[in-house]
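Notes follow the structure.
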Amino acid sequence: MIQLNDITFSFGGRVLMDSLSLHVKPQDRLGLVGANGSGKTTLLRIINEDIKEFEGRAHRRKGLTVGLLPQEGERDRGRTVFDAALEPFANLLALEKEIEHLNAAAAEQTGDEQKTTLNRYGELQHKYELNGGFTFRARAAEILSGLGFSAGEQQREIGTLSGGWQMRVALARLLLQRPDILLLDEPTNHLDLPALIWFENFLQTYPGAVMVVSHDRAFLDRVSRRIVELTGRKLEIYNGNYSFYEKEKEKRTEILLNRIANQEREIKHMEQFIERFRYKNTKARSVQSRIKMLDKIERLEAPEESQGLKFSFKAATRSGKVVIQLQDICKSYGDKKVLRSVNLTINRGDRVAVIGANGLGKTTLMRVIADRTDYTGERKPGHKVSIHYFAQDQYEMLSPDKTVLEEAGEAAGGNFAGNIRTLLGVFLFHGDDVEKKVEVLSGGEKSRLLLAKMMVGPANFLLLDEPTNHLDPPAREMLEQVLAEYDGTLCFVSHDRYFINSVANRIVEITPGGIEQYIGNYDDFVLIKKNREQAARNGSAASATTAQEPDRNREAKRDRAQLILDRGRALNPIRKNIEKTETRISNLETRIAEIEQTLADPETYNDPQKARSLPAELKEKKNELEDALSAWESLSEELAEKELEFPLED
């Protein structure tokens, strides 16, 4: 569908891409990842032909349609949400008007004139039906509903919506266009969990290709079949979802670091030899040979890592057993009731995740707990409870003219000043980053700075409203690690299921009817709800089907046994080849290390034949290693594709 060959692109004197290549295939599901600022959005814009000034070649299949989710939502005033969603069907809407005109004209005509009009009417009616004229409004309503618009909200004027809901309109319009390839830049930023889950299911059955940039790791896990990482101005391809990418990247990084260590040893030994024998005439040829070898070596670069430092975050004081109690809490905004008779108790050590659809009161509940809004009912904080509250709109609390170090140091005071750089390092502010002015920080950097300030002598009860918004995966993982070290009580709102799974031990779901509470993390919550729904569906039907179950079970077991047999026949040969290739890679790496160690020994050069043969063998083994690694990647891709052909249900 799309072929990028040797793309090189620079912006502001900085090279973002260097001889980058990528092939997008039909029905591909690509997750594009990389550090903030690495060029992910730029790559999408090159594919969409918004950027045309670059070196290299970008080839599209003839007639290919590409759709890019815009950075801003649909803002046209005067149009309803539903009318905006129908924009991709302009041709059908025009056909409707022409058909209506012909119908009205035929009613006033007679004879041949009427016959001609009716023939034309029939042709257009057939064309209208063939192109989905009787279903496109239902499709639009279905997609808008999936993205969270009720029937009434679909008739609202776009200008009355918030920026997040306007983005949903833009997303709905793009999905209704059904381009051959969808380019989605952070599509989940403004979606709540119900809309997010619907969107994942939609993309899994989408007939075209999908390329998505997202910080939501669970979303990438469910949607992606290949991960494309933009790192070091190149693309690294991983044939699997995000979880596969994380494990595989760790393996590749380990292999690369070993190769770098071997190369550094090789370079060091050659440099030592050159320095030792530089002025000995008898070694002149050997010295010159090594100088030439050093010049020809292509230096391997260590991967760009964004790792936080180890740091222990302890609550300043220990609270009582009960941290806070809410009794019959109600909150309204005008005529709209948001919280209805909420009763909630949070105990010391709880890590409560508050989830639910947008607009049901998650942020309002957090503000009530933090005592930042008025309400009816009773709020009872516990003994010695101290609260730090991270809100979504707290950026104005930062001073634009101060540096990161000054801002954090002000919160630290005299008690923490010695460790302030270490603290900022934990939150990914390294080196000169601490001297940046607040006014030039990105949204993600401001979020990290606010979180760092909270951890200066942290309170024993943290309230975090969407703390992972604007954070890339490394920063989200950093926050998870920080909170794992925190020994106080935590209550947070998040749509990030990875984050919830890593941090929460309790779920509070806000529903239109009130709140529901669950013990465990997000996976436990999903399982409990699924079991409840299954039990409700099975209630009366269970007894009626009991007699048929033994036969069905036997048949299901036979089918599963046959599937396992077929799966084994298809996958085992590939697995064996992978094992052989991995053994070969290990043997080659061992031999390369042996040769490099031998070449580093000055005694080796007392044997001229050995000294001549070893460099040649080293080059040969390195080429074989590259081929083996390439073969291993191909086999892994083949295995992943075969596994999709033989899915085993749990």
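With the checklist (1) closer than 16 Å to Ser494 by Cβ; (2) out of contact with any Lys or Arg (no Cβ under 8 Å at 6 or more places or on another chain) in hand, flag the one item Tyr389 doesn't pass.
(2)
Can you report the number of residues in the stretch 146-178 which are closer than 18 Å to Leu193 by Cα, of a type outside the set (Lys, Arg) and surrounded by 13 or more Cβ atoms within 10 Å (Cβ to Cβ)?
Total meeting the criteria: 11.
Within the stretch 353-398, track down each residue that is within 28 Å of the chain's Cα centre (by Cα), in a strand (DSSP E or B) and hydroxyl-bearing (Ser, Thr, Tyr).
Correct list: Tyr389 only.
Filter the stretch 372-411 for residues that are β-branched (Val, Ile, Thr) and surrounded by 15 or more Cβ atoms within 10 Å (Cβ to Cβ); which is farthest from Lys436 (Cα to Cα)?
Ranking the candidates gives Val385 first.
Restricting to the stretch 174-192, name every residue that is among the charged types (D, E, K, R) and closer than 13 Å to Gly146 by Cα.
Going through the stretch 174-192, the residues among the charged types (D, E, K, R) turn out to be 178, 180, 185-186, 192.
Answer for the stretch 174-192, where residues must be among the charged types (D, E, K, R) and closer than 13 Å to Gly146 by Cα: just Asp192.
Inspect all residues belonging to the stretch 411-426 and state whether any of them is out of contact with any strand residue (DSSP E or B) (no Cβ under 9 Å at 6 or more places or on another chain), within 22 Å of Glu516 (Cα to Cα) and at pLDDT below 85.
There is no residue in the stretch 411-426 that is out of contact with any strand residue (DSSP E or B) (no Cβ under 9 Å at 6 or more places or on another chain), within 22 Å of Glu516 (Cα to Cα) and at pLDDT below 85.
Would you pick out the residues in the stretch 215-238 that are closer than 20 Å to His23 by Cα and assigned to a loop (DSSP other than H, G, I, E, B)?
Across the stretch 215-238, the qualifying residues are Ser224, Arg225, Gly232, Arg233.
So which pairs qualify, if the first residue must be in the stretch 450-464 and in the same structural domain as Cys491 (by TED's automatic domain parsing), the second must be among the polar types (S, T, N, Q) and part of a strand (DSSP E or B), the Cβ gap must be under 8 Å, and the two must be at least 6 apart or on different chains?
Matching pairs, first to second residue: Asn460/Thr489; Phe461/Thr489; Leu462/Thr489.
Each row is one residue, and each column tells you yes or no for (1) under 50 Å from the mean Cα position of the chain (by Cα); (2) closer than 23 Å to Met167 by Cβ; (3) hydrophobic (A, V, I, L, M, F, W, C).
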residue	(1), (2), (3)
Val81	yes, yes, yes
Leu93	yes, no, yes
Glu98	yes, no, no
Gln114	no, no, no
Phe136	yes, yes, yes
Ala141	yes, yes, yes
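Could you pull out every one of the helices (runs of 4 or more DSSP H) wholly within the stretch 40-130 that has 3 or more residues that are assigned by TED's automatic domain parsing to the domain that holds Tyr206?
Here the list reads 40-47.
So Ala172 fits all but one of (1) over 28 Å from Ser38 (Cβ atoms); (2) among the small types (Gly, Ala, Ser); (3) under 19 Å from the mean Cα position of the chain (by Cα); what number is the exception?
Evaluating Ala172 over (1) over 28 Å from Ser38 (Cβ atoms); (2) among the small types (Gly, Ala, Ser); (3) under 19 Å from the mean Cα position of the chain (by Cα) leaves (3) as the failure.
Just to be sure I understand, how many residues within the stretch 592-616 are part of a helix (DSSP H, G or I), surrounded by fewer than 16 Cβ atoms within 10 Å (Cβ to Cβ) and charged (D, E, K, R)?
4
Out of the residues in the stretch 40-63 meeting the condition of being under 20 Å from Leu184 (Cα atoms) and in contact with a Phe, Trp or Tyr (Cβ under 7 Å, 6 or more places away or on another chain), tell me which one is surrounded by the fewest Cβ atoms within 10 Å (Cβ to Cβ).
In this case the residue turns out to be Thr42.
Do you know which residues across the stretch 22-58 are in contact with a Gly (Cβ under 8 Å, 6 or more places away or on another chain) and either without any contact (Cβ under 8 Å) to a residue 12 or more places away in the chain or farther than 18 Å from Leu182 by Cα (or both)?
Asn36
Give just the number: which of (1) at pLDDT 90 or above; (2) surrounded by 15 or more Cβ atoms within 10 Å (Cβ to Cβ); (3) touching a helix residue (DSSP H, G or I) at 6+ places or on another chain (Cβ under 9 Å); (4) not aliphatic (A, V, I, L, M) does Asp28 not satisfy?
(3)
The values are calculated or read from the model by the stated rules, or taken from the named source; none is laboratory data. A quick note: this is a predicted structure, and the numbers were derived from the prediction, not measured. Cβ: placed from backbone, ideal geometry, glycine included. Neighbour counts: every protein chain shown.
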